[in-house]
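Heads up, the thing below is written out as structure tokens.
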Amino acid sequence: QVQLQESGPGLVKPSQTLSLTCTVSGDSVTKYDTAWTWIRQPPGKGLEWIAFIGYDGTTVYSSSLQSRTSISMDTSKNQFSLQLRSVTPEDTAAYYCARAPSGMGWDTYDYWGQGTQVTVSS
């Protein structure tokens, strides 16, 4: 019954902030040892891990994106969000949220959102 759904604008202008929200149903974002993850896939390229936020609020970021990235959680709404600042066209990608459950490793995802296409263009 776990479902994840991304939401946010599909078009962002260069230098602005990309903001996405993942709404979780059928599970709690505070579930023990669970990490909530943002991943992206640029056109024609492979998946790129962006960041995760753990059930206890722990955050870990990709070193290549850390300076521009924030991940946060709203427990009252059972959702988590991504902000990627100072975007360029290189940030154009399909963005996914995913769950990394307890006992399966931080790089193992059992549930994914459908993904949302974000285009960075003026």
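The values are calculated or read from the model by the stated rules, or taken from the named source; none is laboratory data. Keep in mind that this is a model prediction, so the values were computed, not measured. Neighbour counts run over all protein chains shown; Cβ positions are idealised from the backbone, glycine included. All accessible areas refer to the heavy atoms of the entire protein, side chains included, with ligands and DNA or RNA removed. Shrake-Rupley method; radii C 1.70, N 1.55, O 1.52, S 1.80 Å.
Key figures for this structure:
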read-out	value
For segment 31-38, Karplus couplings with θ = phi - 60° (6.51, -1.76, 1.60), whole Hz, Gly/Pro x	4, 3, 6, 9, 10, 10, 10, 10
Cα centroid separation, segment 72-99 to segment 1-66 (Å)	4
Whole-percent carbon and sulfur share, accessible surface of the chain, 1.4 Å	47
Semi-axis lengths, Å, segment 1-56, gyration tensor of Cα atoms, sqrt of 5 times eigenvalues	24, 14, 12
Rounded accessible area per residue of the chain, 1.4 Å, Å²	50
19 Å Cα-Cα reach of residue 13 towards aspartates and glutamates, excluding residues that sit fewer than 8 places from it in its own chain	90, 91
Net charge dipole size for segment 24-122 [Lys, Arg +1 and Asp, Glu -1 on Cβ; Debye, nearest 20]	200
Semi-axes of the equivalent ellipsoid for the chain, Cα gyration tensor, largest first, Å	23, 14, 14
Neighbour net charge for residue 87 - beta-carbon separation under 15 angstrom, K R +1, D E -1	+1
Within-14-Å neighbourhood charge of residue 35 [Cβ basis; K, R +1; D, E -1]	-3
